[in-house]
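Asks: Dropping a structure here in structure tokens format, bear with me for questions.
The values are calculated or read from the model by the stated rules, or taken from the named source; none is laboratory data. On a predicted model such as this, the values are computed, not experimentally measured, just so you know. Methodologically, a virtual Cβ is constructed for each residue, glycine included, from the backbone with ideal geometry; neighbour enumeration extends over all protein chains shown. These accessible areas exclude ligands, DNA and RNA; they are computed on the full protein's heavy atoms, side chains included. Shrake-Rupley method; radii C 1.70, N 1.55, O 1.52, S 1.80 Å.
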Amino acid sequence: MKLILEQMPIVVNALNIGFLQTLKLFIVTLVGAFPLGLIIAFGSMSRFKPLSYVTKLVVWVVRGTPLMIQLLIIYYFPGLILNNPIWGGGETGRFLAASTAFIFNYACYFSEIYRGGIQSVPVGQQEAGLVLGMKKSQIFFRVTLLQMIKRIVPPMSNEIITLVKDTSLSRIIALQEVIWAGQSFMKGSHGISGAIWPLFFTAVYYLIFNGILTLLLGRLEKKLDYFR
Amino acid sequence: MPILEVNNICKTFGHTQVLRHINLSLEKGQALSIIGSSGSGKTTLLRCLNFLERPDQGVIRVNGETLFDADDPSTQSEAAIRRKRLRFGLVFQSFHLFPQYTALENVMLARKLLAAEQPDFKARKREILEEIEAQANLLLSQMGLSNRASNYPHQLSGGQCQRVAIARALALHPDILCFDEPTSALDPELTGEVLRVIRDLAKQNTTMIIVTHEMTFARDVADHVIFMDEGVIVEQGDPAQVFEHPEEERTKQFLSHYKQG
Ligand SMILES: Nc1ncnc2c1ncn2[C@@H]1O[C@H](COP(=O)(O)OP(=O)(O)O)[C@@H](O)[C@H]1O
Ligand SMILES: [Mg+2]
């Protein structure tokens, strides 16, 4: 116990740095997947059948295979198979590859949520807007959008919480996120070796961060409770 | 000159011919009731007038101006249709109020968006918005809803929602206000309050087309009645005439269901 207390400052320092990378991946994924998901949603709802079929097929493949495999393929495929290591070596390359895999994967999940949200707003809302002489864009932004947001906040919250934990999968391509940082103390790092507790201690980071997110998302859900 | 002339409107969905050669006309300030069993095409007719459906054939004229002509594509552009829609108002069976807005905001929203397109909007913004709000409040009080202005739709009864929807339609000053079974989604004890405001509108000579299953109301409120069946106008005329002395067998049969019930 005394040993752990002595090691604590060193470990926390290293884990903080790792968690920063986790956080970066989390934010970049959201920033990329929110809009990309909407585009994919419109693609899958397109009246142009070939586009809608292709989009649905891609979504099906991405949702039907493990994110870990997608990470490995996106990271290694260009270098090993195409002889064109576009990601480069080093932490930056790994981060770019991980971001690409995460954004694409999460955009596919988000697209289904968006689609459900858009389709759950009754057509009557749009027709009421049309009859009142509103433009299509006015109807979307003034009438449909908020009703859609209200409906997608709960499923989106679930995905966002899952994303926080999923970022740890990027460990498989050696991205130096918080799990990687925790694990490094087993082999030896910063003069500490053979310590397994830092790896378990990373769970505290996830718990605290998810706690904060749950609180914020819950507040947003409450805010939209004023209408039905 | 009639305010509304509908000539030879036809509409087909897939293989079903829903409207067959509909002709009708309406004078300014008059109320027209449309009765007929479910599936006879009443809703589709109102949706055609409000440009929610595009007729396959026929012409729609308001005040002598051709708003729609199936043979003339220049009458069918999306931008032109948006303006033309404003000639008509439509009150839906299930209200379709915007849930995220209060009763007052529901009434004002479309007016505000239109006002923002006026050239003098920037200069007179405050004045214009105050005008719109005053008018919306006046409409709500006419509907007996002064004390409900700041309520959201889910806080209102069905009858109150429908009256807000009527105020929302009136706010745009349509030439012709259409009602599609305005009381069919309401509990029986709430239909009275909605029928009352429509009666008041008729007294103020609002030009209206009312699709309804309330036969007594249809007869009292209307200057003219149309009976539709399977997409055809079977019989039309003075309410007393159609209700008391229908000429067509199908009309008699339809009305007999209501006399017994
Ligand atoms: N969008 C549509 N697609 C296919 N059929 C429709 C559509 N709208 C209405 N219909 C059909 O048209 C007929 C008339 O419907 P409607 O105008 O709603 O009648 P009413 O309002 O008199 O009950 C019905 O048989 C209905 O099933
Ligand atoms: Mg109907």
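Asks: Which of the residues belonging to region B:145-169 are in contact (Cβ under 8 Å) with a residue 24 or more places away in the chain, within 11 Å of chain A (Cβ to nearest Cβ) and not in a loop (DSSP other than H, G, I, E, B)?
Replies: B:Pro153, B:His154, B:Ala165, B:Arg168, B:Ala169
Asks: B:Pro73: surrounded by fewer than 17 Cβ atoms within 10 Å (Cβ to Cβ) and away from ligand 2 (no atom under 16 Å from the Cβ), yes or no?
Replies: Numbers: surrounded by fewer than 17 Cβ atoms within 10 Å (Cβ to Cβ): yes; away from ligand 2 (no atom under 16 Å from the Cβ): yes.
When the stated conditions are applied, B:Pro73 passes them.
Asks: Name the residues in region B:220-231 that are within 16 Å of ligand 2 (Cβ to nearest atom) and assigned to a strand (DSSP E or B), would you? Spell out how you get there, then give the answer.
Replies: At the first step, the residues of region B:220-231 found to be within 16 Å of ligand 2 (Cβ to nearest atom) are B:226-231.
Matches in region B:220-231: B:Ile226, B:Phe227, B:Met228, B:Asp229.
Asks: Out of the residues in region B:47-63 that are within 16 Å of ligand 1 (Cβ to nearest atom) and touching a Lys or Arg at 6+ places or on another chain (Cβ under 7 Å), which is nearest to the other protein chains (Cβ to nearest Cβ)?
Replies: By that ranking, first place goes to B:Asn50.
Asks: Kindly evaluate A:Pro78 against the criterion of being over 22 Å from the mean Cα position of the chain (by Cα), surrounded by fewer than 16 Cβ atoms within 10 Å (Cβ to Cβ), part of a helix (DSSP H, G or I) and away from chain B (no Cβ under 14 Å).
Replies: Values: over 22 Å from the mean Cα position of the chain (by Cα): yes; surrounded by fewer than 16 Cβ atoms within 10 Å (Cβ to Cβ): yes; part of a helix (DSSP H, G or I): yes; away from chain B (no Cβ under 14 Å): yes.
When the stated conditions are applied, A:Pro78 passes them.
Asks: Quick check, is B:Glu105 of a type in the set (D, E, K, R), more than 25 Å from B:Ala202 (Cβ to Cβ) and either at pLDDT 95 or above or within 16 Å of ligand 1 (Cβ to nearest atom) (or both)?
Replies: Values: of a type in the set (D, E, K, R): yes; more than 25 Å from B:Ala202 (Cβ to Cβ): yes; either at pLDDT 95 or above or within 16 Å of ligand 1 (Cβ to nearest atom) (or both): yes.
The answer is yes for B:Glu105.
Asks: Another question, if that's okay. Hey, among the residues in region B:26-38 that are open to solvent by 10 Å² or more (accessible area, probe 1.4 Å) and more than 9 Å from ligand 2 (Cβ to nearest atom), which one's nearest to B:Thr16 (Cα to Cα)?
Replies: To start, the set of residues in region B:26-38 that are open to solvent by 10 Å² or more (accessible area, probe 1.4 Å) comprises B:27-30, B:37-38.
After this cut, where a residue has to be more than 9 Å from ligand 2 (Cβ to nearest atom) as well, the list is B:27-30, B:37.
On the way: B:Glu27: 31, B:Lys28: 33, B:Gly29: 34, B:Gln30: 32, B:Ser37: 17 Å.
By that ranking, first place goes to B:Ser37.
Asks: Tally the residues that are among the hydrophobic types (A, V, I, L, M, F, W, C) and within 14 Å of ligand 2 (Cβ to nearest atom), restricting the search to region B:1-25. Explain how you work it out, then say what you get.
Replies: Keep residues of region B:1-25 that are among the hydrophobic types (A, V, I, L, M, F, W, C), which gives B:1, B:3-4, B:6, B:9-10, B:13, B:18-19, B:22, B:24.
Filter once more, keeping what is within 14 Å of ligand 2 (Cβ to nearest atom): B:13, B:18-19.
Summing the residues that are among the hydrophobic types (A, V, I, L, M, F, W, C) and within 14 Å of ligand 2 (Cβ to nearest atom) in region B:1-25 gives 3.
Asks: Give all pairs with beta carbons closer than 7 Å in which a residue from region B:238-261 that is of a type in the set (Phe, Trp, Tyr) meets a residue that is part of a helix (DSSP H, G or I); count only pairs at least 6 apart in sequence or on separate chains.
Replies: What qualifies is B:Phe243/B:Arg219; B:Phe243/B:Leu255; B:Tyr258/B:Met215.
Asks: Something else about it: Taking into account only those residues within region A:186-196 that are in contact (Cβ under 8 Å) with a residue 60 or more places away in the chain and open to solvent by less than 80 Å² (accessible area, probe 1.4 Å), which is nearest to A:Leu23 (Cα to Cα)? Break it down stepwise before answering.
Replies: So in region A:186-196, the residues in contact (Cβ under 8 Å) with a residue 60 or more places away in the chain come out as A:189-192, A:195.
Okay, now just the ones that are also open to solvent by less than 80 Å² (accessible area, probe 1.4 Å), so A:189, A:192, A:195.
On the way: A:Ser189: 22, A:Ile192: 25, A:Ala195: 24 Å.
Applying the filter and picking the extreme gives A:Ser189.
Asks: Separate question: Looking for whichever is away from ligand 1 (no atom under 16 Å from the Cβ), closer than 29 Å to B:Cys10 by Cα, of a type in the set (D, E, K, R) and not in a helix (DSSP H, G or I) here; the options are B:Glu247, B:Glu235. Which one fits?
Replies: Numbers: B:Glu235 fails: away from ligand 1 (no atom under 16 Å from the Cβ).
Among B:Glu247, B:Glu235, only B:Glu247 is away from ligand 1 (no atom under 16 Å from the Cβ), closer than 29 Å to B:Cys10 by Cα, of a type in the set (D, E, K, R) and not in a helix (DSSP H, G or I).
Asks: Let me ask something else about it. Which residue is farthest from the other protein chains (Cβ to nearest Cβ), if the candidates are limited to region B:64-96 and must be in a loop (DSSP other than H, G, I, E, B) and farther than 29 Å from B:His154 by Cα?
Replies: Step one: of region B:64-96, the residues in a loop (DSSP other than H, G, I, E, B) are B:64, B:70-72, B:76-77, B:86-87, B:92-96.
Those still in the list that are farther than 29 Å from B:His154 by Cα too: B:64, B:70-72, B:76-77, B:87.
Working: B:Gly64: 21, B:Ala70: 20, B:Asp71: 24, B:Asp72: 22, B:Gln76: 15, B:Ser77: 14, B:Arg87: 10 Å.
Filtering region B:64-96 for residues that are in a loop (DSSP other than H, G, I, E, B) and farther than 29 Å from B:His154 by Cα, the one farthest from the other protein chains (Cβ to nearest Cβ) comes out as B:Asp71.
Asks: Looking at A:Leu146, A:Leu163, A:Leu132, A:Leu199, which is the one that is crowded, with 18+ Cβ neighbours inside 10 Å and at the interface with chain B (Cβ under 10 Å from one of its Cβ atoms)?
Replies: Working: A:Leu146 fails: crowded, with 18+ Cβ neighbours inside 10 Å; A:Leu163 fails: at the interface with chain B (Cβ under 10 Å from one of its Cβ atoms); A:Leu199 fails: at the interface with chain B (Cβ under 10 Å from one of its Cβ atoms).
Answer to the selection: A:Leu132.
Asks: Can we say B:His224 is within 18 Å of the chain's Cα centre (by Cα) and either at positive phi or within 16 Å of ligand 1 (Cβ to nearest atom) (or both)? Even if it seems obvious, please write down each step before you answer.
Replies: Working: within 18 Å of the chain's Cα centre (by Cα): yes; either at positive phi or within 16 Å of ligand 1 (Cβ to nearest atom) (or both): no.
Taking the combined requirement at face value, the residue does not satisfy it.
Listed here are the residues, each with its yes/no results for (1) open to solvent by 20 Å² or more (accessible area, probe 1.4 Å); (2) among the aliphatic types (A, V, I, L, M); (3) under 22 Å from B:Phe95 (Cβ atoms).
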residue: B:Leu195; (1), (2), (3): no, yes, yes
residue: B:Ala202; (1), (2), (3): yes, yes, yes
residue: B:Val225; (1), (2), (3): no, yes, no
residue: B:Met228; (1), (2), (3): no, yes, no
residue: B:Val234; (1), (2), (3): yes, yes, no
residue: B:Pro239; (1), (2), (3): no, no, no
residue: B:His245; (1), (2), (3): yes, no, no
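Asks: Only residues that are farther than 16 Å from A:Asp166 by Cα and over 18 Å from the mean Cα position of the chain (by Cα): list them for region A:201-214, please.
Replies: The answer is A:Phe201, and nothing else.
Asks: Follow-up. I'd like to check something: does region B:39-48 contain any residue that is open to solvent by 50 Å² or more (accessible area, probe 1.4 Å) and at pLDDT 95 or above? Even if it seems obvious, please write down each step before you answer.
Replies: Start the filter on region B:39-48 by keeping residues that are open to solvent by 50 Å² or more (accessible area, probe 1.4 Å), which leaves B:39, B:43.
Next cut, at pLDDT 95 or above only: B:39, B:43.
Yes, some residue in region B:39-48 is open to solvent by 50 Å² or more (accessible area, probe 1.4 Å) and at pLDDT 95 or above.
Asks: I would also like to ask the following. Of the residues that sit in region B:1-25 and are touching a residue at least 60 places away in the same chain (Cβ under 8 Å) and of a type in the set (A, V, I, L, M), which one is surrounded by the fewest Cβ atoms within 10 Å (Cβ to Cβ)?
Replies: B:Met1
Asks: Tell me which residues, restricted to region B:97-138, are outside any helix (DSSP H, G or I) and either over 30 Å from B:Leu4 (Cβ atoms) or open to solvent by 20 Å² or more (accessible area, probe 1.4 Å) (or both). Please lay out each step first, then the result.
Replies: So in region B:97-138, the residues outside any helix (DSSP H, G or I) come out as B:97-102, B:116-120.
Within region B:97-138, B:Pro99, B:Gln100, B:Tyr101, B:Thr102, B:Ala116, B:Glu117, B:Gln118, B:Pro119, B:Asp120 meet the criteria.
Asks: Which residue out of A:Gln126, A:Gln183 is over 23 Å from A:Tyr76 (Cβ atoms) and either away from every other protein chain (no Cβ under 14 Å) or without any contact (Cβ under 8 Å) to a residue 40 or more places away in the chain (or both)?
Replies: Working: A:Gln183 fails: over 23 Å from A:Tyr76 (Cβ atoms).
Just one listed residue meets the conditions, A:Gln126.
Asks: Would you mind listing the helices (runs of 4 or more DSSP H) fully within region A:113-218 where at least 3 residues are basic (Lys, Arg) and on the phi > 0 side of the Ramachandran plot? Working first, answer last.
Replies: Values: elements: A:123-131, A:136-139, A:145-166, A:178-187.
In region A:113-218, no matching helices (runs of 4 or more DSSP H) lie anywhere.
Asks: Keeping to region B:181-193, report how many residues are open to solvent by less than 40 Å² (accessible area, probe 1.4 Å) and within 16 Å of ligand 2 (Cβ to nearest atom).
Replies: So the answer is 4.
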